[in-house]
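Undergrad: Shown below is the structure under consideration.
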Amino acid sequence: MGVFDESKCDCCVCPMQCVMEQLVGEEIGLDTSSGSNISVFLNEVKNFIAFTDQGNFPICNITFVLPSETFSLDLKPIKKNKGECACCEDPITNLAESMIGEIVIIELIGFGQSEVVRIVDVGEGIIILGNPVGAETVAVSSCFTTRIIPAASSVSLSERTNSSFWNRELKK
C-alpha cells in the first residue's frame, strides 16, 4: 500500500487504488458513479487507472469493487484529513467505523437502490460490507456513500438475503 502526497486523492481515490492493487489478476464486479455495474478481469492498476478486459476506468469514479471470492483486504489506517476529505469522507468513515459488525441499510451514488449489509471493516476511504448471511464482501468508497441507516429489527431475513449486491447479474 503506497504513500501518497497530501491531496484530494488521499481520502478516497488512493485507498481504492490500494484495494484494487490487491485484486490484480482477479475477476471482480465493478460499479462506477455513472451506474456501470459490470464484471471485469483486473489486469493492472496504475496512476489512478484500473486497466481491465472491459476497458480502463479512472479510479476516482469507482463506487465499489466486488471480488469474485472473499478476500482479506489490507486497508489504509483511518487518519484525520483536511479540506474536502474532512467534511465528506471523514464523517461517513468514522460513522461506519463506529458501526462495525452492525447490519445497516446503505445507499451509494450511482447504485440507485438501498442495500441491507453488515459493516465488516473500515479503513481510510473504504468501507468493507458483507452479505448479512453469507461470506461475500464488497469494498465501497466512503466518498460515494450517501446514507447509512441502522437496520431496524423489522427488516426480515429474506429482505437481508435478497440484497441486490449479492443477487444481481453483472454485465459482461
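Bear in mind these aren't lab numbers, they're just calculated from the coordinates by the rules spelled out. This structure is a prediction, so every number in the text was calculated from the model and none was measured. Glycine gets a Cβ as well: all are built from the backbone with ideal geometry, and neighbour counts include every protein chain shown.
Undergrad: Between Phe48 and Glu69, with labels modelled 7 Å along Cα→Cβ, what's the label distance in nm to one decimal, could you check?
TA: A separation of 3.3 nm, rounded to one decimal place.
Undergrad: Roughly speaking, what is the stretch gain from Thr146 to Glu107, that is 0.36 nm per residue apart minus the C-alpha to C-alpha distance, in nm to one decimal?
TA: On the way: separation 39, 0.36 × 39 = 14.04 nm, distance 0.55 nm.
That works out to 13.5 nm of additional length.
Undergrad: If amide H atoms are built 1.01 Å from N in the plane of the peptide, which residues on other chains or at least 5 residues away come under 5 Å of the amide H of Ile49?
TA: Ile59
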